[in-house]
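To start, the structure itself, in structure tokens.
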């Protein structure tokens, strides 16, 4: 199994990128957000999911471990294959998608290409209790805004330690976000 691919982006195709790793080019299917972030001739690291079928093998890549874990949860839902899961993750940052599922927002999930209303409702029903707590919203001068850190290294560290996405989110609930990543992980583990 290929856990991650780290190398230089040599080509950008329709919905995938070619990552050169010491002379070997891996075609990695990526979500729209990761595709936009990938820059030709720059180094990149994708956590990967290797999907093997009778007729083909596909490599799906994610810029964060949290996005990969959410992808793995999505493909457990009946009727959601890797392409549909990738389409759902292409809606926005993985944390925004996770929050939509946690908030049971099937209308948001149904916006994904190739995902209808019935599949979106199934995703929400099957995964809303598995993806962690919904984010709280704060009111400020401009209205409602999410209290969200799109690149939460503490969340990824807990997941690397074996926590699933839901448990890692719960463990970080109430831990101040202004602490260093190490301090946040330490406090989360103590709770």
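Every number in this text was worked out from the coordinates using simple rules, so none of it is lab data. Keep in mind the model is a prediction, meaning the values are calculated, not measured. Cβ sites come from the backbone with ideal geometry, for glycine too, and all protein chains shown count toward neighbours.
Tabulated values for the structure
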{"read-out": "Segments 73-79, 27-33 sorted - mean Cβ within 10 Å per residue, highest first", "value": "27-33, 73-79"}
{"read-out": "Chain lengthening between residue 160 and residue 58 when straightened (0.36 nm per residue, less Cα-Cα)", "value": "34.4 nm"}
{"read-out": "Theoretical ellipticity at 222 nm over the chain - DSSP helices of four or more residues, -39500 (n - 2.57) apiece, nearest 500", "value": "-10500 deg cm²/dmol"}
{"read-out": "Potential extension, residue 37-residue 167 segment - 0.36 nm per residue separation minus Cα distance", "value": "43.9 nm"}
{"read-out": "Neighbour-count ranking [beta-carbon atoms within 10 angstrom, fewest first] of 165, 179, 59", "value": "179, 59, 165"}
{"read-out": "Taking the convex hull of Cα positions in the range 1-94, its mean projected area over all directions (nm²)", "value": "6.0"}
{"read-out": "Contour minus Cα-Cα distance for residue 12 and residue 113 (0.36 nm per residue)", "value": "34.3 nm"}
{"read-out": "Per residue convex hull volume, Cα atoms of the chain, in Å³", "value": "144"}
{"read-out": "Residue order, fewest to most beta carbons within 10 Å, for 80, 9, 96", "value": "96, 9, 80"}
{"read-out": "DSSP bridge orientation in the range 1-83 - percent antiparallel, rounded to nearest 5", "value": "90"}
{"read-out": "Between the range 170-191 and the range 47-98, the Cα center-to-center distance that results, in Å", "value": "27"}
